[in-house]
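Notes follow the structure.
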């Protein structure tokens, strides 16, 4: 959808824009966006429209906002007319989407309407205003008003910013201003400021002077105040939110006298006269909100004996709706007080003092000494404490003027033992200190001073426009993920690319490669350095090279050799004269004496090292004191368990890998603790200590062989020079001599090129680890795990953590003991990775037994334990050289060949070895041959999926062995191409490549049902007939097994591999297209839904994966030669019918002559295509017969070929 939106926006405007096609498409989509047709497609269309508007905004910025405009001819720029047409095309669908019932999709359309309105307000605002007024006046569909007000909330700033009166603006269909004037109640406070009364004494008519949509804010505000209703919380909430936003935009004062002092436009004069209503509207809003507060303050009794309004009643707790309303009211009142002139708040101090004196007088009465010492306050005390808490949130002037009252009130509250009273007093004290000590005055005072200026000095209506304009600058902030968005290169006119966009797109692709393949960063270092070292490099080239170094962090996060190269290149780069001159000037101005002089001393470096050593020594001493204190605390018997856990955590955190003997003993003791979290933490911390304090290996520099300079450039994967590193069944280290002379590589060296040398562990004939004597901590660990009682208790607790089921009986032990199998996987992983540096004899004895046990356990593997074993085996085999575990691999390969208890166990055996690294080519070939031999019997989907994954990994290995033809390697290392395996599949498809397979299967099924045990037939005869039916359907079933596995293989291939269209895939297209046909009639004709999974897989493959592949002319010709089935011609005729109906294809003489030429062909396929084409022409005119159709009808009536008639039928 993103690519389609990008293409549409990129081709808008210019001589040959796609506006006409976009209009047709949106005209087709528009009915489906109606609320009555809402379904899963609604979200899909909204995502498309969001992408469309996002790309439109990007192009708008590139052409009109940014300083550096697009370097293309002006004829390809978007004009105002192009934007208006685009808006008219998109707007109807968005207006329908406003009323979506799904909560997940209802929030997006208002924001999209806002973005569209920012692009072209003259076309959007009239339509939206029609919806707003209609929804407010409607007596039914209350949800429609709520959703419309949500849209209004997004558009308030745009309405207030509207100042254009261009002729391109769409008119409002109905005169809603006069409608509002007519229906207003005579008792309304706004009635004395109606248009008829405001026009008295004026030389002009206000309505005639209204040119923009800004005046509608006054009428919308009046209607929103009426919408504040306690009975509909959602409507009241969104109404108050809109009122808040309007009051933030409009200065709340009467500035109608501005027309006497300033030269205003006609629209400004009308708006100034209407501003007389603003103070009245603010009072009406406050009255409405006070009524809501009054309703919320009344508490309904729970029963007839309860007191209404009881302070302790549970009904006084705030509900979710009450919280929402309170929050909205708070914001609205804040907006009124902030954006109103001084008189609205001038009387507050005089009212505050009388109220504060009343509360303080009552606090002295209710807060008796007994009440102050009580944990809970009574009802009257709680009431006055809450009032005092509110009063203490006052201004600094009140604190200064009435400090005695404030501080006495705070003193009474903080002396209370009640938590509520104490917190109220503490907050009051904090507020007093904050108010009295801050240096910045309140921002509301600036606003009050600004609004109190005489109208001779300023025009509030223009200030209102400025405020809305500033907010409108952030209008595009709703765009999603601008950083992650792909940076497309738009092509305009004569294929002109924008250079900076190409550069950014290239950087994005490069960094994606770096993120996927970390080693690839250092492969381009030489190219970057050559750009920096070249004196002829342009500024843009150097800028690009520096950006790559900066964003890929090559200068800080790379190998030592790479960093040295880059640092040297950066230092030797051409000097920046401005920077050097600035540094020289800075040094000249620097004082010759001062604090910095001591840093110039030669001894200062040594002093720094000494101070650092002293600081380190002091830190260690402090750490020892802290550890001793924590150990003493941990040994206390009266310490709470929560304090014990905290003490243990602090003890570990202050030492980590430097933990001492006492700490290690504590960790060991907690391995059998009753609490699972404590056991897990102790195990993690102990493993961390062992990892940080493990013994070091003895290493050597292994000299790498030279790369073979073959004819194939950039050859990756297995080659003659690195074949010794690959897993080779004919050259395994299966004797002590071979093992001792083998170099094992844990990392994938040698795949592409060799370094000069590699640091590896020495040969096994020498000691491979530096094993000193065990220290005290290690001795404690060994002694603990040698304790059989502790070890058994630990294992039992681990089994409990795995949530095992109780044992039933001996026959079900392998089904029940899923926890044993999961725990065995973890223990196996530890043994495999922890014993790799033992001698050959020890490893041979260990793995001979262990590999056989693991292989045998796969016959009894439980589904819950399979994931654990899969993760462990992948971790063991991928993190090290697979030749270290040749015992296990060979045992698994033998197990794949023998029979397993169930098809599921056969499947998991095929997936036990991933074997997708370039060094495991031979292993993968052996697995694939085993999988292929088991394929004919794979009637269960699980087994077919496992076989397809096993075959798919061949393609993964082909990707790893890129540009490799394997010709100079032994045959066991040769990888067959995708075409080889597809050809093997195709040779076994048989009748399943046509519709006969489905019919045969259906007939066979019907035959088998009708012939089972008919009346008067003996049992032996029934058995004989069943065997005959089974033998007749074996070929068909086997063919369908191959077909299902082929489809699964292709799905896996296109999901996980570097994919392409090969000749074999193209040759399979007829079969895939036949099953991917979406015509339900064919399913009905077959009489069976047996092949539904095949059809779904083929549909997914064709429409989701292959449809997005790039089709080159070479393969396009192959398609034309391969796809000759009748279904393709039928689809072509349907496409032709659609094109004629949409006016993309005209019925002219050229088309008629072409079809007549096909009618004369002797080929049955060509004749059939001509008939289908003529039929499409006739069906395109169902209600008339134009003159051009008559020759086509005559030609159709003249068809006499019986074969063609049958095919048309």
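The values are calculated or read from the model by the stated rules, or taken from the named source; none is laboratory data. For clarity, every value in this text was computed on a predicted model and none was experimentally measured. We place every Cβ from the backbone using ideal geometry, glycine too, and count neighbours over all the protein chains shown.
Taking the range 195-237 as the region of interest, the helices (runs of 4 or more DSSP H) fully inside it that hold 3 or more residues being crowded, with 20+ Cβ neighbours inside 10 Å are 216-226. Considering every residue within the range 949-967, establish whether at least one is at pLDDT below 80 and in contact with a helix residue (DSSP H, G or I) (Cβ under 9 Å, 6 or more places away or on another chain). No - not one qualifying residue is present in the range 949-967.
Within the bounds of the range 803-813, is there any residue that is modelled with pLDDT of 90 or more and not in a helix (DSSP H, G or I)? No: the range 803-813 contains no residue that is modelled with pLDDT of 90 or more and not in a helix (DSSP H, G or I).
No other residue among 385, 333 is surrounded by 16 or more Cβ atoms within 10 Å (Cβ to Cβ) and at pLDDT 85 or above apart from 385. Kindly establish whether residue 630 is assigned to a helix (DSSP H, G or I), within 18 Å of residue 776 (Cβ to Cβ) and within 49 Å of the chain's Cα centre (by Cα). No: the conditions fail for residue 630. Residue-level check: of (1) crowded, with 22+ Cβ neighbours inside 10 Å; (2) part of a helix (DSSP H, G or I), residue 294 misses just (1).
Working only within the range 527-539, note down all residues that are touching a residue at least 24 places away in the same chain (Cβ under 8 Å) and within 36 Å of the chain's Cα centre (by Cα). The one that is touching a residue at least 24 places away in the same chain (Cβ under 8 Å) and within 36 Å of the chain's Cα centre (by Cα): 528.
For (1) loosely packed, with under 13 Cβ neighbours inside 10 Å; (2) on the phi < 0 side of the Ramachandran plot; (3) in contact (Cβ under 8 Å) with a residue 40 or more places away in the chain; (4) not in a helix (DSSP H, G or I), each residue gets a yes or a no:
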{"site": "1140", "(1), (2), (3), (4)": "no, yes, yes, no"}
{"site": "1146", "(1), (2), (3), (4)": "yes, yes, no, yes"}
{"site": "1150", "(1), (2), (3), (4)": "yes, yes, no, no"}
{"site": "1178", "(1), (2), (3), (4)": "no, yes, no, no"}
{"site": "1193", "(1), (2), (3), (4)": "no, yes, no, no"}
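For the range 119-144, filtered to residues that are part of a helix (DSSP H, G or I) and at pLDDT below 80, the residue that is farthest from the chain's Cα centre (by Cα) is 137.
Results for (1) out of contact with any helix residue (DSSP H, G or I) (no Cβ under 6 Å at 6 or more places or on another chain); (2) surrounded by fewer than 13 Cβ atoms within 10 Å (Cβ to Cβ); (3) under 26 Å from residue 784 (Cα atoms), shown as yes or no for each residue.
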residue	(1), (2), (3)
619	yes, yes, no
627	yes, no, yes
633	no, no, yes
642	yes, yes, yes
671	no, no, yes
686	no, no, yes
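Let's see how each residue does on (1) in a loop (DSSP other than H, G, I, E, B); (2) at pLDDT 85 or above; (3) within 30 Å of residue 823 (Cβ to Cβ):
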residue	(1), (2), (3)
700	no, yes, no
745	yes, yes, no
777	no, yes, yes
784	no, yes, yes
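Looking only at the range 710-742, residues that are touching a residue at least 24 places away in the same chain (Cβ under 8 Å) and under 17 Å from residue 918 (Cβ atoms) come to 17 in all. All conditions in (1) in a loop (DSSP other than H, G, I, E, B); (2) surrounded by 16 or more Cβ atoms within 10 Å (Cβ to Cβ); (3) not assigned by the TED database to the domain that holds residue 876 hold for residue 758, with the sole exception of (1).
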